[in-house]
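Asks: Mind looking over this structure? Questions follow.
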Amino acid sequence: MRFLADSTGPFDLAFGLPLHALAVHVPVVLLPLGAIGVLLALLVPRWRASLAWPVVAVLGIATVGALVAKLSGEALAQRVGSPGQHEQLGNWVLIVSALLFAATLAWWLWQGKADRRNRSTGVMGLIAGTVLATVAVGAIIVAVLTGHTGATAVWEDRIGAGQSEAPLEPGAAAEDTPAPSSSSDGTTQIGLSEVAQHDDAASCWVAIEGTVYDVTEWVTQHPGGPDRILGICGTDATDAFGAQHGGQALPTEQLTRFAIGELAER
């Protein structure tokens, strides 16, 4: 369970926003663009001279962007939790972009020299071109999947939250759920049995160190997916929270905005 963890460093925030949200667009856009340029240079020989160096430059920028996206993504994960598959694909984007950049540069230095001398590279040229084309296609696929998983992690649950279950009939909630009580000092007292009734994405309550929190809003916001929060809905999550964030002040401070009362029974 990750609410918000400490994170500092040059790859954390930019203008008050996560740097990753800006940096990730560089490789996701430029890597497929550069890969398409590679394919065009391979398929249309007369375009090679005009395409080669711009394509190499685009792939170089994409590789640097992929590195920044990876580092900023790690900083963001410290704050909100690992995005799972998106993080794994992000690692592959850096590997594939660097590989495609180096391979394209090497191929052009070799092929361009042959073109200028009007010489054929023969079978070796065909093999090198096939390998380069395969890497370029793979780069496009990895970049698209990375962008898709990133968008899914951010938006899928928020959009899905709008398709909630039909509301209960008037009076049904009052019949099925016991009303919270108040202590003599006015603090709302909520029993663990009541917490247990709020155990899904529609209404997710957790008890942590004697305080009850309504984290329904956080379920749909969690970049790593809802499962980490849904797994503790309706429970006393003191141990789970302590194991994840023990000794960290910032997650505890962030958690306070979800507080709705005190746990009446432990």
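The values are calculated or read from the model by the stated rules, or taken from the named source; none is laboratory data. Fair warning: this is a prediction, and the values are worked out from it, not measured in the lab. Virtual Cβ from ideal backbone geometry, glycine too; neighbours counted across all protein chains shown.
Asks: Scan the range 95-114 and tell me whether some residue there is within 25 Å of residue 40 (Cα to Cα), assigned by TED's automatic domain parsing to the domain that holds residue 30 and of a type in the set (D, E, K, R).
Replies: For the range 95-114, residues within 25 Å of residue 40 (Cα to Cα), assigned by TED's automatic domain parsing to the domain that holds residue 30 and of a type in the set (D, E, K, R): present.
Asks: Out of 98, 103, which single residue is in contact with a Leu (Cβ under 7 Å, 6 or more places away or on another chain), of a type in the set (Gly, Ala, Ser) and closer than 14 Å to residue 59 by Cβ?
Replies: On inspection, the qualifying residue turns out to be 103.
Asks: Keeping to the range 27-53, report how many residues are over 30 Å from the mean Cα position of the chain (by Cα) and either over 20 Å from residue 128 (Cβ atoms) or β-branched (Val, Ile, Thr) (or both).
Replies: 2
Asks: Would you tally the residues in the range 32-83 being among the basic types (Lys, Arg) and not in a helix (DSSP H, G or I)?
Replies: Going through the range 32-83 one residue at a time, the tally reaches 0.
Asks: Among the residues of the range 116-125, is any of a type in the set (D, E, K, R) and either in contact (Cβ under 8 Å) with a residue 12 or more places away in the chain or within 21 Å of residue 24 (Cα to Cα) (or both)?
Replies: No, the range 116-125 has no match at all.
Asks: Sticking with this one: I'd like to verify a number: residues in the range 171-226 that are in a strand (DSSP E or B) and at pLDDT below 85, how many?
Replies: 3
Asks: Looking only at the range 16-45, which residues are exposed (fewer than 15 other Cβ atoms within 10 Å of the Cβ) and more than 19 Å from residue 147 (Cβ to Cβ)?
Replies: 16, 40, 43, 44, 45
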